[in-house]
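Participant: Please find one structure pasted underneath; my questions will follow.
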Amino acid sequence: NEPKPDLDIKKLYQLLRIKQPRFVKWDSRPGNAIVKEDETVVWFDWEHAGARNRLDDMAWLLGDEYVPNYPIMEKRLIEKHLPSFADGKSIEEARTYLMVYGTFHMLVRLGLIMMYKTRDDKKWWDIDYCIEKDKIGITLECAERTCSRATRWANHSELTQPLIPLLEAIQLKIKDL
């Protein structure tokens, strides 16, 4: 029985409500991109594209379970690219949206990892199989990485800080699976 977070749903709704919808890929994961020889990025797998907040694409990319957990590099990337995705928000407003939305996005990814892990054979999957077959990262490393990053991001806002005890409880359970 994990602790139930006491979230301010009204404030979360106000923060995450899409005020200036823009075209986004909304599945901008590393597995859906290739880098060409000239270093341009080409995206594919567009079934989730639609009108959302541009910051959602940053959250999908940086919160993906395959992205290494390097907080210093993550901070540099956010500082460099956040202004391009802010859509008129102040940098701090954009950062808060990114961290809050990203925390929930990572909870969804973590939920998918855990669902597949506990559903079938209850074993962690082989990372090479996951990558080759374009699967969610059903590996211990991916689960721990996602949980750790989500905990760090949740700490950014008082709106998501109530999720930290839940994430910490999940982190402990992951090690025992």
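The values are calculated or read from the model by the stated rules, or taken from the named source; none is laboratory data. None of the values given here were measured: they were computed from a predicted structure. Heads up, the Cβs are rebuilt from the backbone with ideal geometry, glycines too, and the neighbour counts pull from every protein chain shown. Heads up: the accessible areas ignore ligands, DNA and RNA and are worked out on the full protein's heavy atoms, side chains in. Shrake-Rupley method; radii C 1.70, N 1.55, O 1.52, S 1.80 Å.
Participant: For Asp6, state whether it is touching a Pro at 6+ places or on another chain (Cβ under 7 Å) and open to solvent by 80 Å² or more (accessible area, probe 1.4 Å). Can you show your working first?
Facilitator: Working: touching a Pro at 6+ places or on another chain (Cβ under 7 Å): yes; open to solvent by 80 Å² or more (accessible area, probe 1.4 Å): yes.
Yes, satisfied.
Participant: Inspect region 67-80 for any residue being of a type in the set (Asp, Glu) and over 16 Å from the mean Cα position of the chain (by Cα) and give the result as yes or no. Before the answer, list the steps.
Facilitator: Let us first name the residues in region 67-80 that are of a type in the set (Asp, Glu), namely 74, 79.
Of the ones still in play, those that are also over 16 Å from the mean Cα position of the chain (by Cα) are 79.
Yes, region 67-80 contains a residue that is of a type in the set (Asp, Glu) and over 16 Å from the mean Cα position of the chain (by Cα).
Participant: Here is a follow-up. For Trp46, work out the one condition from (1) modelled with pLDDT of 95 or more; (2) in contact with a Lys or Arg (Cβ under 8 Å, 6 or more places away or on another chain) it doesn't fulfil.
Facilitator: (1)
Participant: Kindly indicate whether any position in region 98-119 is free of Cβ contacts under 8 Å to residues at least 60 places away in the same chain, of a type in the set (S, T, N, Q) and closer than 19 Å to Cys147 by Cα.
Facilitator: Yes - at least one qualifying residue is present in region 98-119.
Participant: Pairs please, first residue from region 148-175 and under 17 Å from Leu62 (Cα atoms), second anywhere and part of a loop (DSSP other than H, G, I, E, B) and modelled with pLDDT of 95 or more, Cβ atoms under 6 Å, 6+ apart in sequence or on different chains.
Facilitator: Ala154/Thr160
Participant: Also, quick follow-up: State whether the residues of region 77-85 include one that is of a type in the set (Phe, Trp, Tyr), in contact (Cβ under 8 Å) with a residue 40 or more places away in the chain, more than 14 Å from Leu16 (Cβ to Cβ) and part of a helix (DSSP H, G or I). Step through it out loud before you land on a result.
Facilitator: First, pick out the residues of region 77-85 that are of a type in the set (Phe, Trp, Tyr): 85.
Pick out the ones that are also in contact (Cβ under 8 Å) with a residue 40 or more places away in the chain and you get none.
Scanning region 77-85, I find no residue that is of a type in the set (Phe, Trp, Tyr), in contact (Cβ under 8 Å) with a residue 40 or more places away in the chain, more than 14 Å from Leu16 (Cβ to Cβ) and part of a helix (DSSP H, G or I), so the answer is no.
Participant: Now, a different point. Looking only at region 126-161, count how many residues are part of a helix (DSSP H, G or I), more than 22 Å from Tyr70 (Cβ to Cβ) and either open to solvent by less than 50 Å² (accessible area, probe 1.4 Å) or among the polar types (S, T, N, Q) (or both).
Facilitator: Total satisfying the criteria: 1.
Participant: Considering only residues that are open to solvent by 60 Å² or more (accessible area, probe 1.4 Å) and assigned to a helix (DSSP H, G or I), which ones fall in region 88-103?
Facilitator: Here is the first cut: in region 88-103, the residues open to solvent by 60 Å² or more (accessible area, probe 1.4 Å) are 88, 91-93.
The answer is Ile91, Glu92, Glu93.
Participant: Okay, moving on. Looking at this structure, is Tyr116 within 30 Å of Lys173 (Cβ to Cβ) and at pLDDT 95 or above?
Facilitator: Numbers: within 30 Å of Lys173 (Cβ to Cβ): yes; at pLDDT 95 or above: no.
Criteria not met by Tyr116.
Participant: Taking the conditions exactly as written (among the hydrophobic types (A, V, I, L, M, F, W, C), closer than 21 Å to Arg52 by Cβ and open to solvent by 30 Å² or more (accessible area, probe 1.4 Å)), does Leu172 satisfy them or not?
Facilitator: Working: among the hydrophobic types (A, V, I, L, M, F, W, C): yes; closer than 21 Å to Arg52 by Cβ: no; open to solvent by 30 Å² or more (accessible area, probe 1.4 Å): yes.
No.
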